[in-house]
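Everything below concerns the one structure shown next.
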Amino acid sequence: MHTLRNKSVFFETYGCTFNFADTEKIKEIAAANGCVIAENAKDADAVVINTCTVVSQTERAMIRAINDYADKEVYVTGCMPVVQREKLLELRPDIHLIMPDEIYENSERVGGVAFGNTGIVQIGTGCLGACAYCITRFARGRLRSFGKERIIAEVKRQVAAGVSEIQLTGQDVSAWGADIGSNLGELLTAVNDIDGNFAVRVGMMNPATVMPHIDEIAEAFTLEKIYAFIHLPVQSGSNHVLETMNRGYTREQFIDVVGAFRRRIPDARISTDFIVGYPTETEEDFNETLSLIEEVKPTKVNITRFSLREGTPAAKYYDMPDWIKKNRSRMLTIAANKIYDANNAAMIGRTVHAAVTEKKMAGTIVARDRYYNNIVVKEDLPLGKKLDLRIIDHHRHYLIAETV
């Protein structure tokens, strides 16, 4: 990173919210070193690419991105420099690698304002898991929670700057505090007590690390400034597959965790992730996944086809044919879409209190209610404005409303 000085620099970021926060920190470091942020690559002396390598398709996209800038000085950060250093240097021997630890050593902050009215606050790096398919855990290492005071200071800084949505992020947000004698419920309570006009979206939580503190964490989601949006990746509905994935919980325990949230917040928005076509997944296992989605009825589902990653324990398995993965992905998508449509149809006619979080095309805004529903309003309203909205229609992935 020491050579990133007195240049015009263009940034490209891929992957998770955590990466976007890292990019904002690199921008600040570069600016302090005399660099100017370029609006496009054509006008830049150098390009910084913040990479993701969670699946093979993403890795191929990263390589294409690097190759697109053959005539530029290229810096690569994110997960790839840690787990695929040799591949990057073979691809381009003159490439500059920025390791994640370099970013943290050069920045006191734990986040940045990445999307205008939305700020990202990192609460720690790494995780406690040992998922058999995951390459990210090798890139980010074991859990390292950032201190509560440091996180609170960053939230206050961003709120003072006018941010109205704070996104708390990490590789496993619910693991926060396990290494420093605390837990996520305690952190959320402290963040909720901060003065200001803002709300908090909590990032991805592993059911295995939610379980030890379920009461405190679930109770924290009832607080005024915490969105009742719960992202709990389950990955499979089969206990056999969950065991071979080494996820650390059972189907029944996942259902219990969801139930703990819904008992306190009946309309809580539950988001989950599934991996289809895992090497140990039989037809019967996949049917258990289909039955789980029907039982839990999540309001948001992310579906990924299994991708073998070299160096992970799952790489020892035989990778099933792509046509099976595609077929199962299609079937799970159809099941999820039915749930989306039913949930959204039930919202028509309701009046909700929401805050404007994004401006889309001219004359249109996106607002979020207590449950982080995606609500489109065809009016030009200021960011951060709170208002009552009547739901009048829906599309599969968003609601349409008018002001009351």
Fill in: Within region 323-341, tally of residues that are under 30 Å from LYS87 (Cβ atoms) and without any contact (Cβ under 8 Å) to a residue 24 or more places away in the chain
2
Worksheet item: Can you name every residue in region 165-214 that is assigned to a loop (DSSP other than H, G, I, E, B) and either surrounded by 19 or more Cβ atoms within 10 Å (Cβ to Cβ) or under 21 Å from the mean Cα position of the chain (by Cα) (or both)?
Response: GLY170, GLN171, ASP172, TRP176, GLY177, ALA178, ASN183, PHE198, GLY203, MET204, MET205, ASN206
Discussion item. For region 274-295, give me each residue that is under 23 Å from ASP172 (Cα atoms) and either free of Cβ contacts under 8 Å to residues at least 60 places away in the same chain or small (Gly, Ala, Ser) (or both).
Written reply: PHE274, VAL276, THR289, LEU292, ILE293
Worksheet entry | Out of ALA139, ALA132, sole residue that is under 30 Å from GLU59 (Cβ atoms), of a type in the set (Gly, Ala, Ser), touching a residue at least 12 places away in the same chain (Cβ under 8 Å) and in a loop (DSSP other than H, G, I, E, B) | ALA132
Discussion item. Quick check on this structure: which one of GLY177, GLY196 is assigned by TED's automatic domain parsing to the domain that holds GLY259, in contact with a strand residue (DSSP E or B) (Cβ under 7 Å, 6 or more places away or on another chain) and on the phi > 0 side of the Ramachandran plot?
Written reply: GLY177
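Each row is one residue, and each column tells you yes or no for (1) touching a residue at least 60 places away in the same chain (Cβ under 8 Å); (2) among the aliphatic types (A, V, I, L, M); (3) in a loop (DSSP other than H, G, I, E, B); (4) in the same structural domain as ARG269 (by TED's automatic domain parsing).
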| site | (1), (2), (3), (4) |
| --- | --- |
| MET361 | no, yes, yes, no |
| VAL366 | no, yes, no, no |
| TYR371 | yes, no, yes, no |
| VAL376 | no, yes, no, no |
| PRO382 | no, no, yes, no |
| ASP388 | no, no, no, no |
| ILE392 | no, yes, no, no |
| LEU399 | no, yes, no, no |
Fill in: Members of region 47-71 found to be without any contact (Cβ under 8 Å) to a residue 60 or more places away in the chain, not acidic (Asp, Glu) and not in a helix (DSSP H, G or I), listed by number
VAL47, VAL48, ILE49, ASN50, THR51, CYS52, TYR69, ALA70
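Report the residue count in region 339-358 for those that are within 24 Å of the chain's Cα centre (by Cα) and either of a type outside the set (Val, Ile, Thr) or not in a strand (DSSP E or B) (or both).
8
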Worksheet entry | Subset of region 103-118 [assigned to a helix (DSSP H, G or I) and in contact with a helix residue (DSSP H, G or I) (Cβ under 9 Å, 6 or more places away or on another chain)] | ILE103, TYR104, ASN106
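Here is a yes/no grid of residues against (1) farther than 30 Å from ASP319 by Cα; (2) part of a loop (DSSP other than H, G, I, E, B):
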| position | (1), (2) |
| --- | --- |
| LEU4 | yes, yes |
| ASN19 | no, no |
| ILE26 | yes, no |
| LYS87 | no, no |
| ASP101 | yes, no |
Fill in: Hits in region 340-365 - residues which are surrounded by fewer than 17 Cβ atoms within 10 Å (Cβ to Cβ) and of a type in the set (Val, Ile, Thr)
ILE348, THR351, THR364
Worksheet item: Taking the condition of a type in the set (Ser, Thr, Tyr), in contact (Cβ under 8 Å) with a residue 24 or more places away in the chain and either surrounded by fewer than 18 Cβ atoms within 10 Å (Cβ to Cβ) or closer than 24 Å to PHE229 by Cα (or both), does THR244 pass?
Response: no
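The values are calculated or read from the model by the stated rules, or taken from the named source; none is laboratory data. Small disclaimer: the values here were computed from a predicted structure and weren't measured. Note that we place each Cβ from the backbone using ideal geometry, even for glycine, and neighbour counts take in every protein chain shown.
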